[in-house]
Amino acid sequence: MSLKNKVKSKLNPESNIFKYLSFSYQILFRSRLFLQRRREQKFIKQCYKEFDKKRSVKLQINGIECFYEAISPKNYYHLKSMNNENHDYFNKYLKKGDVVLDIGGHTGAWTIPYAKFVGENGFVYVFEPEKEGAAAIQRNIYLNNISNAKLFQVAITDKSGSLDFYVRPDKDTHSIFEETHAKSPLGIQHTYKVDVFDIDNLIKKGNIKQPEFIKLDVEGAELLALEGMRNTLQNVRAIYIECHLALKVDLKIGEPVELVSQKLRELGVKEIVRMDHAHIIGIFN
């Protein structure tokens, strides 16, 4: 129980002291939120200025040295932000020699540390349909001298075929959905056909090996992708998922974390760990 709820349980909501404490809490909360936003805006501006001078990024991810070539100021900022993310799950749910699926690779931000972590006896299959992102993944794989990763320039859903893919280059919200709440600030949206596959069939046909660990970041297509790996998940140790707001705002089907968690339970997950407001880990084995 949070401190706020503990106070509420002890005091009469109609009392003056409760009203005073409630007002003080709101002031403190808003002040903290304001300061956080100020720090974030300052960091963003700093990253954009740095990108004008250099495109390379060097990071330590879970103690692993990783090198990247950013493709845009926003991508540079996203890469630098990885230093502030929680990487503890590497040691808990990944093992040396694992086969990993990086679904929604973007520019290879996680492909690189995954490949280095699992080592030469492990392997990473990365899936990214967007053309510029796929090219960046190949460059970053080469930059890190990685030989245990393979790129598939395709999208992952619940079936095989082809679909229209929508790219907002200045927003990085590329997806299989035409409508989005995260529109391009410049009003840019490119459309082209991409091949789509489901993971179960890729494994059945021998295109990829059965994974032990999966990372899923597909801009609102989480439920489709999970449905397409129904059989695969029976032999997966864990899956790390970003639950996108598109499920609630664009598709209007419910709260993202709740929807994805419900789907994982349907697919036999044993435990769900909430990492933050948008990221969860489903543990199967």
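The values are calculated or read from the model by the stated rules, or taken from the named source; none is laboratory data. Predicted model only: the values in this text are computed from it and were never measured. Cβ: placed from backbone, ideal geometry, glycine included. Neighbour counts: every protein chain shown.
For the stretch 85-114, filtered to residues that are surrounded by fewer than 24 Cβ atoms within 10 Å (Cβ to Cβ) and among the acidic types (Asp, Glu), the residue that is modelled with the highest pLDDT is 98. Reported count of residues in the stretch 243-263, each being without any contact (Cβ under 8 Å) to a residue 40 or more places away in the chain and closer than 30 Å to residue 96 by Cβ, is 3. Is it the case that some residue within the stretch 118-135 is touching a residue at least 40 places away in the same chain (Cβ under 8 Å), surrounded by 18 or more Cβ atoms within 10 Å (Cβ to Cβ) and over 20 Å from residue 175 (Cα atoms)? Yes. Within the stretch 224-241, being part of a strand (DSSP E or B) and free of Cβ contacts under 8 Å to residues at least 60 places away in the same chain holds for 239, 241.
Quick grid of which residues meet (1) surrounded by 18 or more Cβ atoms within 10 Å (Cβ to Cβ); (2) in contact with a strand residue (DSSP E or B) (Cβ under 6 Å, 6 or more places away or on another chain); (3) among the hydroxyl-bearing types (Ser, Thr, Tyr):
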site: 235; (1), (2), (3): no, no, no
site: 238; (1), (2), (3): yes, yes, no
site: 248; (1), (2), (3): yes, no, no
site: 258; (1), (2), (3): no, no, no
site: 265; (1), (2), (3): no, no, no
site: 275; (1), (2), (3): no, no, no
site: 281; (1), (2), (3): yes, yes, no
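So which residues in the stretch 157-209 are closer than 21 Å to residue 75 by Cβ and at pLDDT 95 or above? Once the filter is applied, which keeps residues that are closer than 21 Å to residue 75 by Cβ and at pLDDT 95 or above, the stretch 157-209 yields only 194.
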